[in-house]
Each structure stands twice: as C-alpha cells, then as structure tokens.
1. Among the residues of the range 226-242, how many are within 13 Å of the ligand (Cβ to nearest atom), of a type in the set (Gly, Ala, Ser) and either touching a Pro at 6+ places or on another chain (Cβ under 7 Å) or outside any strand (DSSP E or B) (or both)?
2. It is to be established whether one or more residues within the range 174-189 are open to solvent by less than 30 Å² (accessible area, probe 1.4 Å), among the hydrophobic types (A, V, I, L, M, F, W, C) and outside any loop (DSSP other than H, G, I, E, B).
3. Could you say which residue among VAL336, VAL368 is among the β-branched types (Val, Ile, Thr), in contact with a Lys or Arg (Cβ under 9 Å, 6 or more places away or on another chain) and part of a strand (DSSP E or B)?
4. Considering only the range 243-270, how many residues are near the ligand (Cβ under 9 Å from one of its atoms), assigned to a helix (DSSP H, G or I) and open to solvent by 10 Å² or more (accessible area, probe 1.4 Å)?
5. Go through (1) touching a Lys or Arg at 6+ places or on another chain (Cβ under 7 Å); (2) of a type outside the set (A, V, I, L, M); (3) at pLDDT below 95 for ASN298 and report which single condition fails.
6. Would you confirm, using the coordinates I've provided, whether GLY221 is surrounded by fewer than 24 Cβ atoms within 10 Å (Cβ to Cβ) and within 30 Å of GLY138 (Cβ to Cβ)?
7. Any idea which residue in the range 120-168 is nearest to the ligand (Cβ to nearest atom), counting only those that are part of a loop (DSSP other than H, G, I, E, B) and free of Cβ contacts under 8 Å to residues at least 12 places away in the same chain?
8. Identify, from the list GLY357, GLY327, GLY333, GLY319, the residue that is within 11 Å of the ligand (Cβ to nearest atom) and not acidic (Asp, Glu).
Amino acid sequence: MKRNSLNPWRMALEQLDSVAGRIGLDPGIHKILQHPKRQLIVSIPVRMDNGDTQVFTGFRVQHNVTRGPAKGGIRYHPDVTLDEMKALAMLMTWKCAVVGIPYGGAKGGIICDPPELSSGEVERLTRRYVSEIISFIGPEKDIPAPDVNTNPQIMAWIMDTFSMDRGYSVPGVVTGKPTSIGGSLGRNTATARGVMYCIFNIAKKLGFDPLTQGYVIQGYGNVGGNLAHLLNQQGCKIIAVGDAEGGIYNKKGLEPDKVSEAMRESGSVIGFTDAERITNQELLALDCDVLVPAALENQITEQNADKVKTKVIVEAANGPTTPEASGILEDRGIFVVPDILANAGGAIVSYFEWVQGIQFYFWSEREVNLKLRDIMTHAFETVFNLSSEHKVSMRTAAYMLAVEKVAEAIKVRGLYP
Ligand code: NAD
C-alpha cells in the first residue's frame, strides 16, 4: 500500500469531494461517484520461456458508465495497485466528460516488469489477461487502450484474443491498434498532439510566443517522446528531457531525432552524449518556460513544488502533481493545465478509432488531427472561461465541468430500479 498522503485513490476522492462542495453536488450522486461501478482482480497464469509457470495479478476497474461505455488504458508496471487503477478509472470518467466524448471511465493493469519479460511472455500474459476479463469488455461495454508499457502490438493481441472468442473480427473492442487492423491514423501521436494544442492555446491566452520558449519534458515514451518531436517540428526548443534512467540537458536545445536514435541504441535518453547528464529531480527544477511531466504520477510533490522554475506546467501524465503540490504551484502563480484536459488527446482519437471501427469507414490523418484540434480547443476555451468566471484554477474548473456533466447524466437517467 502506498503512503496514505500519496495514495492515488485517496487523492482522487479528495479531489471529487472538494469539487462536490463547490458545485453543491447532490449527496446521493456524490456517493455513487465515490464508488467505482466494478472492480475486477484476476490471477493470470503464464507459461514462461524456461517452462516454469508464473501467476501474475491483473485488474480492470470501471468507474462510471452513465455517459457511455467505459474507456481507459491498460498499464503493465511493477507498482500497479488496485487503488491506482480505481483512481485512474475515475480520472478517465472526468476526462471523457471534460472533452465531451460519450464514454465513462475505466483502467486496467497487470503487476509485472515488462523489461524482464520476453515478447512471447508478454503475448501470453496479455492473451490470458484478456480471456480472464472477456465478459466485461467489448465495443458496447468497455474499450481498453495503451498506457504505460503497453503499445499497438499489445492492443493487436487484445483485439485478436477477443475476436477469436467471438468468431469474427471486432476492431471496436480496443483502440491504439496498428492501422493494418483498424487502428486510426494519428492515434499514436494523439496524446502528444493534444498536449501541443493545449500549449498553443495557453500561449494565446497568456500572450507569449510558443516558438521562443524553453521546454522541459519528463518521460520520453509515447507521450513525451512524440511531444518532443512534434514541438521540434514546429520550431520549439526542447532544452531537457528525461526518462526512468535520468535526464539530459542542453540549453541550446536538443534534437529529438538524435535523442531517439541514442535511446534506441542504449535503451535510455541518457545514451545521448551531446548534453549534460542530470537527475530527474534536477530536471523538474530547471529554469524553463513550459514544463511537461509525461511519465508517472506523483512527480511534483510538496517536497519539490517550491523548486519548480517554470511559467507553465502542462500535465501530460496522469496525476503527476499531488494536491499539496498543486496548492503550492497555484500560490506561486504557476499556470497549470490539468491532466484531465491536457492529455485527453489520446482518449479523443481513441473515440475516433472506435467510431471508425464500428462503421468500418476510415478517415485521413488530416481529418483526425483537425477534429482533434477542434475538440481540444473547444474544451480548453470552456475550462479557461469557467476558471476566469469563478476565479478558480484550471484544475478546479475542469473538475467542476466534468463532475457537473456526469451528475447531470446520472440525474436524467435516474437510479435503477
Ligand atoms: P510510456 O511507457 O510510453 O513512457 C513512459 C516514460 O516515462 C518512459 O520514458 C519512462 O522511462 C519514463 N519514466 C518511467 N518512470 C519514470 C520516473 N520514475 N522518472 C522519470 N521518467 C520515468 O508511457 P506513455 O504512454 O508515454 O504514458 C506516460 C504518461 O502519460 C502516463 O502517466 C500515462 O498514464 C499518461 N497518458 C498516456 C496516454 C497515451 O495515449 N499513451 C494518454 C493519456 C495519458
């Protein structure tokens, strides 16, 4: 069990409770939202390459499905816990509501250490996990997607296992698939692209030129790595990036193509030698204009929030800032775009992928990106205006909007029976 103050489920509940008070949430609806709809814990026996059998623990949590089927990623990580899954599932409920896509929230994960597993072991682990949760997922029920340490190949195995069970191809069961089996163009970079649109929207509101700023990105995976490339293509200067092994810094700017090449060769961004080696804590404390945490949760805490030296934080990761740190950042006048808005691009293009999969009618990448930009910009404007109107942070405004939307859906549907 994680320390109580950093327990993700406690923090998610505190966030809900504080917004409930602010918007005068109906007490009955508040109670419903404090409880995930469904929590599955499954044991996953896997034949390892050496012939031994190992049993892994997996989870799938569906927080709320009033606005539509559950949607949420699947994470493979040694630190996965049920409380983390519950918190991330709740976060997905809010995220889908904030950007107005017709889904509820879910999250899944397996306690495992992917670098220690062969590709064959990951495939067998994935297929058995899917077979253990198969009655609870499907295009109308719950649609998984990639998250930390899961990727399009793993999504393909999920789609294949589900389809084998049904006896026909079901592309709508999962998003983030390879395009050869119904994945959407633009999905792989969608979360990063959404973060970039947020940065450009803030720049307009706060009156700075995004092309002349210094960017720091923590995490160089799907979100952080793609963001570095997209920002660089626009002409922005990335001064530091980091991953689980540490960070690299060059105030003249890093070239993401070269960093990625070094990472492919050495397994980490620290393999890139034309930069100063720094620790992850030093990376978060660098003097910069825009800081993007794009790794794991609880990276900015009350221990380091007063050391952060940036104008703007855009939360690409889920839950990177603890509530205590959030308060410190707000008092220090640092503008924070909260995770449920900033990283919603992946969920939005997942929605596009699901729609395309159900219709078997596929869109161009340009169409996907334009629709993504429209939805992100509209959501950003709505949250920004709400935060100005009520004189609250973007995080509080985003939660107010999300909880009100979900509450309205619960109210209008009524309580069964
Ligand atoms: P990923 O596995 O592709 O990359 C994670 C990155 O974080 C890697 O570079 C890893 O080395 C780094 N990292 C891990 N532990 C670290 C640590 N202790 N310190 C510094 N760096 C560390 O995962 P991803 O898909 O890029 O997801 C990153 C974050 O974004 C997660 O919080 C995830 O929930 C969130 N997110 C992802 C998506 C998506 O579409 N992939 C969508 C929304 C939110």
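The values are calculated or read from the model by the stated rules, or taken from the named source; none is laboratory data. Computed from a predicted structure; not experimentally measured. Every residue, glycine as well, gets a Cβ built from its backbone with ideal geometry; the counts of neighbours run over all protein chains shown. SASA here: full protein model, heavy atoms, side chains in, ligands and nucleic acids out. Shrake-Rupley method; radii C 1.70, N 1.55, O 1.52, S 1.80 Å.
1. 1
2. The answer is no; no qualifying residue exists.
3. VAL336
4. Matching residues across the range 243-270 total 1.
5. Looking at each condition in turn, ASN298 falls short on (1).
6. Numbers: surrounded by fewer than 24 Cβ atoms within 10 Å (Cβ to Cβ): yes; within 30 Å of GLY138 (Cβ to Cβ): yes.
Judged against the criteria, GLY221 is a match.
7. Per the criteria, the residue is TYR168.
8. Selected residue: GLY319, the only one of GLY357, GLY327, GLY333, GLY319 that is within 11 Å of the ligand (Cβ to nearest atom) and not acidic (Asp, Glu).
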